[in-house]
Structure formats: structure tokens, C-alpha cells
Amino acid sequence: MKRRDFLKGAAGFWVAGVARGYGQDKSPNAKLNVAVVGVAGMRGADHLKNLAGENIVALCDVDATFLGKAAEKLPKASTWADFREMLEKDKSIDAVCVSTPDHLHAPIGMAAMKAGKHLYSEKPLSHSIYEARVMRELASSKKLATQMGTQIHAGDNYRRVVELIQAGAIGKVTDVHVNLGGVRWTAGGWPKDDPLPPTLSWDLWTGPAAERPFSKGFHPTGWRKYWNYGGGDLADMGCHHIDLPFWALGLKVPKTCVAEGPPVNEVGGPPWLKVTWDFGDVKVHWTHGEQKPEIFSQDRLKWNSGNCFVGEKGMLFADYNNLKLWPEEKFIDFEAPKKSIPSSPGHHNEWIAACKGGPPALCNFDYAGLLTECVLLGNVAYRSGKKIEWDSAALKAKNCPEADAFLRREYRKGWTL
């Protein structure tokens, strides 16, 4: 089903989809048996809360302290340290939700989908572009219900922005400026080594990544700073903010990508970054850190993180919860288009309904895989130091063999997709 067709009929489908159930051997009102991998932190807690209406039958975490706290709230759920063992032994699982560090998204997600499980995976979909591609292809071939954790996609404000852009409120859009205020995930070198907590399986936490001694700088939260595990601020927040122009403009694959930043550090992400993706008829520009674009710095506008769509008839500024057409005097008598995109039943509920036979969730892997590919290509361009001429079909930078090292990684011995 095409996204546009889904949007037209979504309101009716939600009811019909849930009512049908999700398998011939299930009753119409059967609940999903869900396993949650990665139960700690803001996202882990959010998933447990939003999936509470289903049967959370399994909990998996490499940190026994976090696992124990989650198990206290869900004493009937089985508990596991190794997701592979969980998938092999617990045959009751229908669907898996993954909220681990980025470098584990693909190994866990691929194993779950190979086992026939529907999959919800946090953003970015993967650590590398190659992983995003194989996850998208496997989900499609096995016809599984998928969703990437770009939760703001379910918000009403994004829907109103999409309607305005697609109705031509500011005319043909030529550029979109995306700014992330501030920076959190930058590192100039490895953190100091620390004693390994007895409750943590460091081998399982490391997974396919290159081996490093344990450090509190990695676990539980600092891992995003380091290329070995994450992708800095762009990989962290790019899928949230670039999601809006991707949706509104129907973007898929950029023709080129170029990045500018401080000298590349082989260990960690940069304190500032500028990236431009050229899609042919529109360019998307990303900035984070000190390189805030002037268009966001004007006194009349107080935007920090968000988007500025530049069109032939004006501009549209938007963040998660607000939007503004500019210049204001030009749009005094403007009438917004009639609402055409129905409200979401909730980001997790979209996925649950899809698992039970409803329409695909809006951030299913067909969409999220391409969004992740675009976002991560910005880091590839920055780390390779060249403007990338992108051949998405071949998964190659046509002009830059140096990029190959950043499109996929060699997995640590014992790990595979």
C-alpha cells in the first residue's frame, strides 16, 4: 500500500485492522506477545509504558541491574541477557521492540525478523547504511510489520506542516534548513577505562563493534559520542528533524551529499557540522553546534531546533510543536487547507495495529530505511572528506572509494547479520 493511499483511508483502517486480528490462529481481540530488548533509560521506559496494553512476555538487557528493575514491574515476563537465546527458546514471541545502542540495532533486528517477528526499532534504524539496506529488504521480503522510533512523526503539528507544504502554501520549495540547537555527543578521544561492573555483560554490550575496555563513558549513556557505537548528534537527532522534509516533500534518495566540519577525529563525533543533501529539485541543509544558519538567528524569529522550508511564496518555520508562515504580513488572510491527514492513534499503536493486520505504520522500514540512509550519508561524507555522488541502488559513492570504509563495518568475530 502506498503511503498516500494509506493516509486517505487511515481513519477507517485503524478500526478494521484491529478488529481483524493478526493471525488465523488468534482471536479478533488477541494481544501481541512482545519482547523488549533494552529496558532502561528514557526510551526503554517509554516502550514499556506504551506497550503495556499488550502482553510483554520477555525482557532482555545486558545489564542485570536494569533488567531486574524492569522485571519487578513485570514479574510474569521471562528475563534474558542474550537476545539470541531469547529468540531461540521463547517461541511465544510475536513481535520485538529494540531500544539499545545503535551498533546493536541491526544484529538484534535482523535476528528477530529472520525468526518471523514483527519489529519496532529505535532511530536511527542502524549503525551503518549497509545495515539499513538489509533491514529494509528483509522486512519487505518477509512482509513484517515494522516501525522506527521517530515518535514525533505521530504528532499533529508535523501533519499540519505536511498539509501546508503539499497544498502549496509557500509555493515550490527549493531549500530546507534543519538546525539542531546545541551539541551533546562529541568526543576528542577515548574515555578512561573503568572497572567492569559485575552486573554487566560487556561482551554482549560490545556485540559486533571493535573491542574496547569498559568505560563509564560508554555505558549507559555516553556511547553516542563514539563512531564505534553511534554517530554523534546527526545520527541521534537527524531522523527526528529531517523526517519532516522527507515526509512533506516525498524525498527518497539524494543525488549528492557534502559535509563541512572541524578536522575529523577518528574516535568521536564533531562539535559542529554542516551537511547538504541535493535531491535534484530541492536541497536539505543540516547544521548543529556553533554553525547555526543565519535564517534561524534573525531577531524576529526565536527558533532553536527545527526546520525552515524556503519556497517561492515565502517560508515556513516548524519545530515539534509549532509552525509559522513568514513573512507574517503576507499570510494574514491565509486560510489553511482542510485537514487531510488523520491524527495518529499513537506511534506505538500504529505498529501494534499493523502487527494485527492493519495498514503499515507510517515509519515502517520502507520509509525509515531511506530516511536513515540519507541521515547517515551525512556522516559518511564528513568522515570521507569528499562530496559524495551517491548511487543508492549499488550502495556506492561513485566518486569516492574512501567512503566504502564508512558504509559498512567488519563485524567482530562471532557476530553476523
Task: Carbon and sulfur %, accessible surface of the range 106-251 computed with the full protein complex present, 1.4 Å - done: 53 percent
- [ ] Divide, for the range 155-200, the radius of gyration over alpha carbons by 2.2 N^0.38 Å, where N is the residue count.
- [x] 2.31
Task: Segments 332-339, 46-53, 132-139, 34-41 sorted - mean Cβ within 10 Å per residue, highest first - done: 34-41, 132-139, 46-53, 332-339
Open item on the list: Students often forget the sequence filter, so: which lysines lie under 18 Å Cα-Cα from Lys225 once same-chain residues fewer than 8 apart are removed?
Closed with: Lys123, Lys192, Lys216, Lys274
TODO: Report, in debye and to the nearest 20, how large the dipole of the chain comes out about its Cα centre when Lys and Arg carry +1 and Asp and Glu carry -1 on their Cβ.
DONE: 780 debye
- [ ] Could you name the aspartates and glutamates whose alpha carbon sits less than 15 Å from that of Lys313, not counting residues in the same chain fewer than 8 places away?
- [x] Asp175, Glu328, Glu329, Asp333, Glu335
Task: Options Trp190, Gly306, Gln166, ranked by Cα towards positive dipole end of the chain, top entry (Cβ charges) - done: Gln166
TODO: Using R₀ = 25 Å, calculate the FRET efficiency as 1/(1 + (r/R₀)^6) where r is the Cβ-Cβ separation of Tyr320 and Asp46; round to 0.05.
DONE: 0.95
Open item on the list: Just want the answer: with Cβ charges of +1 for Lys and Arg and -1 for Asp and Glu, which residue in Asn322, Trp351, Leu244 is farthest toward the dipole's positive end in the chain?
Closed with: Trp351
- [ ] For the chain, set up a Gaussian network in which alpha carbons nearer than 10 Å are linked by springs, and say which option among Asn399, Asn33, Asn364 fluctuates the most.
- [x] Asn399
TODO: Convert each backbone phi in the range 219-228 into a coupling constant with the Karplus relation 6.51 cos²θ - 1.76 cosθ + 1.60 (shift: θ = phi - 60°), then list the ³J(HN,Hα) values in order as whole Hz, x for Gly and Pro.
DONE: 10, x, 10, x, 4, 4, 5, 10, 4, 4
Task: Computed E for Glu85/Tyr411 - FRET, C-beta separation, R0 22 angstrom, nearest 0.05 - done: 0.70
Task: Cα Rg, Dmax (largest Cα-Cα span) when computed across the range 41-120, Å - done: 11.7, 30
- [ ] Count the DSSP beta bridges whose two residues both fall in the chain, then state the antiparallel fraction as a percent rounded to the nearest 5.
- [x] 55 percent
TODO: Return the whole-Å distance between the Cα centroid of the range 49-87 and the Cα centroid of the range 312-385.
DONE: 32 Å
Task: Euclidean distance between Cα centres, the range 136-154 to the range 224-278, Å - done: 21 Å
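Would you mind calculating the gained length between Glu335 and Lys143 on full extension (0.36 nm times residue separation, minus the Cα-Cα distance), in nm to one decimal? Walk me through the numbers before you get to the answer.
Numbers: separation 192, 0.36 × 192 = 69.12 nm, distance 4.10 nm.
Full extension from Glu335 to Lys143 adds 65.0 nm.
The values are calculated or read from the model by the stated rules, or taken from the named source; none is laboratory data. Predicted model, so just to flag it, every value in this text is computed and none were measured. When we count neighbours, we look across all protein chains shown, and the Cβ atoms used for this are built from the backbone with ideal geometry, even at glycine. Only protein heavy atoms, including side chains, enter the accessible area calculation; ligands, DNA and RNA are left aside. Shrake-Rupley method; radii C 1.70, N 1.55, O 1.52, S 1.80 Å.
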